[in-house]
Amino acid sequence: MYKKYSTLSTGLAIALMVVTTIGSIVWYASQPQSKVLADTTKIQQLVTSQEIPSNNSISQAASTIPQLQTINGVTIELTSVKQTETGIEIGICYPTPDDGDWYPTPGHIYYSTYEVLPDEFEFISEQKADGINTGRRCVLIRYRIDEMESITTPMQFTLLDYWAVPREMPPCENLQQRLNTNPKAKAYGLKAKCSSDEQGGMSVTLSDKASSVAQDKAQLVLDEIVNGIVNGPWEFTITELEK
């Protein structure tokens with residue numbers, strides 16, 4: 001059964017950055033679209049840096065669904081765009097580097113003079129990475145819109161990044177599990193020494209690698225895994241809405 005996430009308090013959302021809850025978590029507080037809101041420090045820093053794009057800045061990508069966009073070798077699929085009774089629902093799928101708990105960071109949607117923040121999201125399917133193949137996670141992202149009559153196209157949707165939320169287990173155990181299921185880590189023969197403190201902080205050093213892999217390349221890949229974030233942004237232009 002997949003998990004559904006909806007709005008809770010700001011304090012709980014900040015705690016989410018340290019540990020993952022089972023069941024419902026905070027994503028964003030539901031507010032009128034004219035206000036920029038975010039429930040976590042990370043998301044707030046990302047979304048408040050965005051500006052409302054001018055008509056000239058909107059991507060001219062094809063509006064056909066599904067849409068694919070590749071940034072830095074990572075392809076995101078826009079699978080659906082639907083107008084609901086309460087707003088807009090957007091479906092996306094993204095590749096997961098390992099079997100970590102990978103959460104999306106969607107940005108605003110823009111149309112006409114409006115900008116709207118995400119209200120909630122729901123995972124709908126997942127295929128886990130297994131050390132040979134990367135995984136795939138699909139999610140529905142919902143935007144609550146107070147003035148439904150304001151909805152027009154073209155509309156711009158952006159996925160800013162996606163990141164591995166720490167699981168409810170010791171940090172080093174969580175990292176080792178991700179290393180074991182990461183195809184690139186397996187191909188590079190990466191091994192790491194890890195230690196953690198009582199506050200959940202980690203210290204990680206590269207302890208071994210395949211002889212054919214350069215030290216700096218191996219270190220770079222290990223750092224990417226430890227950081228646990230895949231950066232975009234992936235931007236999509238929507239010209240038709242399913243109703």
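The values are calculated or read from the model by the stated rules, or taken from the named source; none is laboratory data. In this text, all values refer to a predicted model and were calculated from it rather than measured experimentally. Virtual Cβ from ideal backbone geometry, glycine too; neighbours counted across all protein chains shown.
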Please give the number of the condition Thr158 fails out of (1) touching a Gly at 6+ places or on another chain (Cβ under 7 Å); (2) surrounded by fewer than 19 Cβ atoms within 10 Å (Cβ to Cβ). (2)
How about the stretch 132-168: which of its residues are farther than 20 Å from Ser112 by Cβ, in contact (Cβ under 8 Å) with a residue 60 or more places away in the chain and hydroxyl-bearing (Ser, Thr, Tyr)? Tyr162
Within the stretch 117-149, residues closer than 17 Å to Trp234 by Cα and either more than 13 Å from the chain's Cα centre (by Cα) or of a type in the set (A, V, I, L, M, F, W, C) (or both) come out as Leu117, Cys138, Val139, Leu140, Ile141
Taking the stretch 185-218 and keeping residues under 21 Å from Thr134 (Cβ atoms) and either exposed (fewer than 14 other Cβ atoms within 10 Å of the Cβ) or over 22 Å from the mean Cα position of the chain (by Cα) (or both) leaves Lys186, Ala187, Tyr188, Gly189, Leu190, Lys191, Ala192, Lys209, Ala210, Val213, Lys217, Ala218
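Mind listing whichever residues of the stretch 216-243 are closer than 30 Å to Tyr110 by Cα and either in contact with a Gly (Cβ under 6 Å, 6 or more places away or on another chain) or not in a loop (DSSP other than H, G, I, E, B) (or both)?
Taking the stretch 216-243 and keeping what is closer than 30 Å to Tyr110 by Cα, we get 227-243.
Hits for the stretch 216-243 are Asn227, Ile229, Val230, Asn231, Gly232, Pro233, Trp234, Glu235, Phe236, Thr237, Ile238, Glu242.
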What do you reckon, is Glu224 of a type in the set (D, E, K, R) and either surrounded by 15 or more Cβ atoms within 10 Å (Cβ to Cβ) or in the same structural domain as Leu160 (by TED's automatic domain parsing) (or both)? yes
For a quick check of your reading: which strands (runs of 3 or more DSSP E) sit entirely within the stretch 120-215 and have at least 2 residues that are of a type in the set (Asp, Glu)? 120-127
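A quick yes/no check of all residues on (1) of a type in the set (S, T, N, Q); (2) modelled with pLDDT of 95 or more; (3) under 19 Å from the mean Cα position of the chain (by Cα):
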site: Pro66; (1), (2), (3): no, no, yes
site: Ile71; (1), (2), (3): no, yes, yes
site: Asp101; (1), (2), (3): no, yes, yes
site: Tyr111; (1), (2), (3): no, yes, no
site: Ala164; (1), (2), (3): no, yes, yes
May I ask you to list the residues in the stretch 103-128 that are of a type in the set (A, V, I, L, M, F, W, C) and under 17 Å from Leu78 (Cα atoms)? Ile109, Phe121, Phe123, Ile124
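Against the definition (among the charged types (D, E, K, R), in contact (Cβ under 8 Å) with a residue 60 or more places away in the chain, under 30 Å from Gln199 (Cβ atoms) and crowded, with 17+ Cβ neighbours inside 10 Å), how does Asp119 come out, yes or no?
When the stated conditions are applied, Asp119 does not pass them.
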